[in-house]
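*Asks:* Below is the structure I would like to discuss, written out as structure tokens.
Taken together, the values in this text are just the output of simple stated rules run on the coordinates, not laboratory data. Remember, it's a predicted structure, so these values are computed and weren't measured experimentally. All Cβ positions, even for glycine, are placed from backbone atoms using ideal geometry, and neighbour counts span all protein chains on display.
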Amino acid sequence: MKPAAFEYHAPESVSDAVGLLAQYGDDAKPLAGGQSLVPMLSMRLTRFEHIVDLNQVQEMFGVSSTSSGNGANSANGINGAARIKADEVRIGAMTRQASVETNPTVAQKVPLLHLASPYIGHFQIRNRGTIGGSVAHADPASEYPAVMLALGGIAEVASPLGTRDIPAADFFQSTFTTALAGDDLLVALRFQPWAGPCSFAFAEIARRSGDFALAGAAVALGANEAGKINRAAVGMLGVGSTAVRASSVEAALSGLAVDEVDAAEVGRLAAQDMDPVGDVHASAEYRRSAGSTLVGRVLADALVQLTEELKDG
Amino acid sequence: MSPTTAARYVGQSVKRLEDPRLVTGHGRYVDDVVLAGMLHVAFARSDLARGTITHLDTSAAAALDGVRAVFVASDLNPQVDSLRASMFPPHAPAPPPNLLADKDVRFVGDPYVMVVAESRYIAEDAIELLDVEFEPLEPVVDYETAADASALVHPELETNLPNQMQVPNPEQTEAFAGAAQVITETWYQHRQTNVPMETRGIVASWQPHAGVMEVWASTQSPHELQLMGARTLGIGEHKMVVHFGDVGGAFGQKVFLGREDRAVLVAAKLLGRPLKWIEDRRENLLAANHARIEQMTVSIAVDEDGKFLAANLDQLQDDGAYPLGGPAGLGAMSTTLFPGPYRMGPVSWQARTVHTNTCGRGAYRGPWQMESVAREQMIDRVASEIGIDPLELRRRNVLKPEDLPYQTSTGLSFETTISPDQTLDQAAEIIGYEDFRVEQAKARERGRYLGLGIALYIEPTSMGMGPLGTESAMLRVEVDGHINLFMGTGSHGQSLETTMAQLVADELGVCPEDVSLHQGHGSGYGFGTGGSRSAVIAGGAARAAASGMREKVIAIAAHLLEASAGDLEVTDGVISVKGTPSAQVTMAQVAATAYQNSDALPEGMEAGLEFTARFKTPPVTHSNACHICTCEVDPGTGKVTLLRYVVSEDCGNMINPMVVHGQVAGGVAQGIGGALYEHAVYDENGNPLASTFLDYLVPTAAEVPEIEHGNVVVPSDTPGGHKGTGEGGAIGAPPAVFNAVADALAPFGVYPNRQPLDPNAVLSLIASGAK
Amino acid sequence: MAEAVAISVKVNGRLQQGLVEPRLTLADFLREKALCTGVHLGCEHGVCGTCTILLDGQAVRSCLMFAVQANQAEVTTVEGLALNEDTLHPVQQAFSDCHGLQCGFCTPGFVISVAAFLEANPDPTDEEIRHGISGNLCRCTGYQGIVAATRQAAATMGGKSR
């Protein structure tokens, strides 16, 4: 189980990386944390003549954030905040999953990323794996795409033509396929923190500790001061060819009083938004059934927290 | 046994002598062996379950820079007359001796070309340059229909059903006719594999002119490798040098030589260069060996009180294409062992083995354990059918001391030294059986589903038929008084360097640290380590060698001290006169006299301190155990969480309780894996769907609960009173876990009969019950 | 063939320099060039954890990196943990004390992982231990001795034993 030969490139800037990708086209592949790509290379399930290693591109690492009225401040190392808008958190694509997990800015402003991170593989994987790698790889069973989709995150993409933003809703196209073109490089992800009373919960079912999810759910809820839900975002993983939003659940929650939601019943609506694919670990039917149950449970968790939040507020 | 030496080390949890090198990364496994001029091997393997090779051109691969040789079937196969290992009968029908697939491929993973190159990287590059075409043929995948399939896995055998045995018993038919109730179910075990953390591997170095083959291998049976390797190469065993280093687990997979191992030996001789083949994980999961693929239909007759009256068994197992080591055909062993720790009454049985176009079957920790799986799951089913508590039903039928010795209708003889009733009671007590039933009832009222499973079994250990019957120990006290012990074992995690040293230390009056165990080259014939045999058989040999040595040491010391042998004692390598400790000589003084001043020895005594003993074991030594575990099933996700796990084991006197508990726990974890997680599944076209560790799910620390041990100690009649224990964990765990899950699901009115009980299966069962 | 790249890696405190093919995995580099054969290959696809090493102090799978990527980095393998010939690292000592190994093949990766885990979680509960070490597979012990060893090492390394 040894990889085929390739030529190795280690650019130190986004522009050099993009230049290499443009130069070699389909023969080139960016290497981020390598936790998915390297096994595929070793098993010779995929191969590229040119590997463009992003691990020397310092500007792609780190978390920065702005609050309304403040300029950008770098919370962790690199300030890649050129495109950051007011009140946004920007996470460089090469930021390790372990850094996302422990970064205080992320925990405070994008709690779902913080909650989802421990579910990614094991700590040795997260020490190397990156948030951009996860998102660009677009495995339907992985955590960050579901969170990104639920929260409407923005993918910041560099190409020879310049930098552009792709909203999450347009980013994930199908299994392992995104809106990124061959010479596009995912540079950063941006998220808008939620304001007002809100709560966040994440859980998944996996065969073993650290395995890819059979099904998982990311829930964010917001309420007005009267205790009515005014914002609901539900992302799901493992139940479609990409991460998917549980729009039916989100719609059903809108306007309900926090204390009158039957989480299990609302969770069952999630089945309508799923188009699961069966595999060796679980059938499509299983994913739909257990996935809906899980959405209900994660929702219940978020509701409990939101009730607390409203009480404290 | 010497009455003058107290047991100081045997029975203690002595820390392992193996550990200092292993915890610091200084073990020497086969992949750590590097020889000058060594080349690397990779195999091209079939992607088809069955097909004809219509075109094969190796020239581009051979021309690649760094490639030294490319071998096809016709280069290697003619060198081998049989793939059979020495323990299998010579006349049973066996697959053809194809080291490499010749003209056709017979399972996905079937090797058809061997590439030898300067690195494994280059060898894999060359495989991609092979110009090969196959014509796909309809494969035989489903073992239930394989016997009747028109396609033949091995046309040479003219059948897919090479092995069939039937033993009807008229008394069983009679008992069924008069029984209150006869309950029938078919139990299925699914395809699993051993998964040693170190895959298979071999380094082979041919010395031209000397005619010597020197081998380093990951093996549990260095002498089987020496014998079969020599036979493969057509050389004498004196020219086959097998070095035994650290071995990273095997669980039955490394008893026999695989086709690849033999291909490497043959190629190394042809090339005259040292070759290394290290199996990669995908090869290991695809092509090393699979196990457990079988079903047993069980009918049990009971009277009104739940007394077992008779049983009828129909066993079918899948040998795959090339069973590892030879025709496995262990189905008959499963049916024979079926009565287990119960008065089962007359038993009729049939056992059949078929070939399919899948990976060959091989030994896996308790290779016959379908007997316990089917019996223990069946007993819970019977209990449920007739409305008796499963613990109570077992108590009514279990063998008690007054029943012993006991002969089953299938011909097994159990000694008076088994204790199944005691382990059953002890495990029930530790788990708190009655309290759990109360807790379970309360939990059900709250919509939580708890379950408890029991598995009680007798493990045939240290079996002594044919090549398995003996082990040898050659003990040498060196000139400085330290001890080298040479044995035919192949310790690969069983801690024999420690346990054999403990036995020798007590017998000889030295410290375990003064004893070094050497295995492989230089040791005397033994079958190796496996079959739960080392404590009794190897231990018997080590003990006997040390005992013989002790006599001589005492005799020399008595002579040197001018004392009577009967007045001497040996402690920490010092021989002294009891009550007069100042009158003493050391082991080193005795040894120096024996080798370097032999004129000072007692008259007529042979010089030197070398003693060899060979222990012949009884036909079988039975141990027994009871597993009880509890679980909770999440009805929303189908996930099973194990809550508690208790094992009450009687393996007689323990040499090292820490090691015994480690063996039990490891087996339990494998059984948990089998019952809940692991499945080497194929699709209907014979494509393996679990060929990586992402799909073949070995349990992690998060899935295995704390294991609570109870010990009943009834010494066996073998020297030291030991019984084997290596396989038991993996025998008892699958049915215990299965029964616990089935118990948790009982409120849904469903009766599982297949493993693995993964979340998908559990949710499907619940859904089928709700309908 | 792709051009070889010159790299320089500090392995267990000693500078290891060499020309490597870009495709050479870090695990193979450590085994074959740095002669750290305690780095074991159990799956080569990032699941079993036997090849775990510390890269600049962080536990990573060395089979999922190329040697070229470790240029200028500091690597610690299991061979680099023991304080000296006579004194094992507390985690190594605990594995031996608690029967945390049988065949020993998974042990180097476990020892490294547990050392790194305890660095970040000096005072773990049993539940945290079981999940924390779930990125390494052992087929021999049923994890009983490994969990116990992690507990013991936590205590000796200064965390409170819970």
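*Asks:* How many nm separate the modelled label positions at B:GLU171 and A:GLU12, each set 7 Å beyond the Cα in the direction of the Cβ?
*Replies:* Distance between the two pseudo-spin positions: 8.8 nm.
*Asks:* Classify the protein assembly as shown as rounded, prolate or oblate from the Cα gyration tensor: take a ≥ b ≥ c as the square roots of its eigenvalues, call it rounded if a/c is under 1.5, otherwise prolate when a/b beats b/c and oblate if not.
*Replies:* prolate
*Asks:* Which GluC sites (Glu not before Pro) does segment A:198-290 hold that lie in a coil by DSSP with at most 16 other beta carbons within 10 Å?
*Replies:* Passing sites in segment A:198-290 are A:GLU225.
*Asks:* Average the reciprocal distances over every distinct pair of alpha-carbons in segment A:61-191, invert the result, and give the Kirkwood radius in Å. Write down the numbers at each step before the final one.
*Replies:* Values: mean 1/r = 0.0689 Å⁻¹.
It is 14.5 Å.
*Asks:* May I pose another question? Looking at the square roots a ≥ b ≥ c of the eigenvalues of the Cα gyration tensor of chain A, which shape do they give, rounded for a/c under 1.5, prolate if a/b is larger than b/c, or oblate?
*Replies:* Oblate shape, in that a/c is at least 1.5 and b/c is the bigger or equal ratio.
*Asks:* Pull out the extension gain between B:GLN207 and B:LYS15, defined as 0.36 nm times the separation in residues minus the alpha carbon to alpha carbon distance; nm, one decimal.
*Replies:* Using 0.36 nm per residue and subtracting the Cα-Cα distance, I get 65.1 nm.
*Asks:* Relative contact order of segment A:7-53: what whole-number percent is it, with Cα pairs under 8 angstrom and at least 6 residues apart? It would help to have the intermediate numbers written out before the result.
*Replies:* Details: 47 pairs, mean separation 26.7, N = 47.
This gives 57 percent for segment A:7-53.
*Asks:* What's the extension gain from B:GLU402 to B:GLU684 if we count 0.36 nm per residue and subtract their Cα-Cα distance? Could the numbers behind the result be given before it?
*Replies:* Details: separation 282, 0.36 × 282 = 101.52 nm, distance 5.17 nm.
Length gained, B:GLU402 through B:GLU684: 96.3 nm.
*Asks:* A follow-up question, please. Place a point 7 Å from Cα of B:VAL132 in the direction of its Cβ. Which residues in segment B:73-87 have their backbone N less than 13 Å from it?
*Replies:* What the label zone holds, given the 13 Å backbone N cut-off, is B:73-74.
*Asks:* Also, quick follow-up: Among the GluC sites (Glu not before Pro) within segment B:540-595, which fall in a DSSP loop and have no more than 10 other Cβ atoms within 10 Å of their own Cβ?
*Replies:* Passing both the DSSP loop test and the Cβ count: B:GLU562.
*Asks:* Using a simple charge model, +1 on the beta-carbon of Lys and Arg, -1 on the beta-carbon of Asp and Glu, nothing else, what dipole does segment A:61-191 show about its Cα centre, in debye to the nearest 20?
*Replies:* Magnitude of the dipole: close to 300 debye.
*Asks:* On to the next question. Beyond 22 Å, what percent of the Cα pairs of segment B:638-771 remain?
*Replies:* That fraction is 48 percent.
*Asks:* Quickly estimate the mean residue ellipticity at 222 nm for chain C, helices only: each DSSP H run with n ≥ 4 gives -39500 (n - 2.57), and the total goes over all residues, rounded to 500. Provide the component values of the computation, followed by the final result.
*Replies:* On the way: 5 runs with 49 residues, N = 162.
It comes out at -9000 deg cm²/dmol, rounded to the nearest 500.
*Asks:* Take each complete run of DSSP H in chain B, measure how far its Cα atoms stretch along the helix's own axis, and keep only those covering 24 Å or more with mean Kyte-Doolittle hydropathy at least 1.0; list them.
*Replies:* Numbers: long enough: B:539-561 (32 Å, 0.67); B:728-745 (26 Å, 1.05).
What comes out of the filter, once short or polar helices are dropped, is B:728-745.
*Asks:* Rounded to the nearest 0.05, what FRET efficiency do B:LEU56 and A:ALA179 have when you use their Cβ-Cβ distance and R0 = 45 Å?
*Replies:* 0.55
*Asks:* Taking segment C:1-100, which GluC sites (Glu not before Pro) meet the DSSP loop condition and have no more than 15 other C-beta atoms within 10 Å?
*Replies:* Passing both the DSSP loop test and the Cβ count: C:GLU3, C:GLU85.
*Asks:* With a cut-off of 17 Å, note down the residues of segment C:75-90 whose backbone N falls inside the zone around a label point 7 Å from the Cα of C:LEU15 toward its beta carbon.
*Replies:* Answer for segment C:75-90: C:75.
*Asks:* Give me, ordered by chain and number, the residues 5 or more places off A:GLU7 or on other chains with an amide H under 5 Å from its own placed amide H.
*Replies:* Distant-sequence amide H within range of A:GLU7: A:HIS50, A:ILE51.
*Asks:* What does the C-alpha gyration tensor say about the overall shape of chain B? Classify as rounded when a/c is under 1.5, otherwise prolate if a/b is larger than b/c, or oblate.
*Replies:* Oblate is the answer for chain B, as a/c is 1.5 or above yet b/c matches or exceeds a/b.
*Asks:* Related question: Testing the spin-label approximation: label points 7 Å from Cα along Cα→Cβ at B:LEU271 and B:VAL750. State their distance in nm.
*Replies:* The answer from the label model is 5.3 nm.
*Asks:* How much length would be gained if the chain were fully extended between B:THR580 and B:THR612, taking 0.36 nm per residue of separation minus their Cα-Cα distance, in nm to one decimal? Before the final figure, lay out each step's value.
*Replies:* Details: separation 32, 0.36 × 32 = 11.52 nm, distance 3.21 nm.
Roughly 8.3 nm would be gained on extension.
*Asks:* Wrap a convex hull around the Cα atoms of segment C:90-156, take a quarter of its surface area, and give that in square nanometres.
*Replies:* 3.6 nm²
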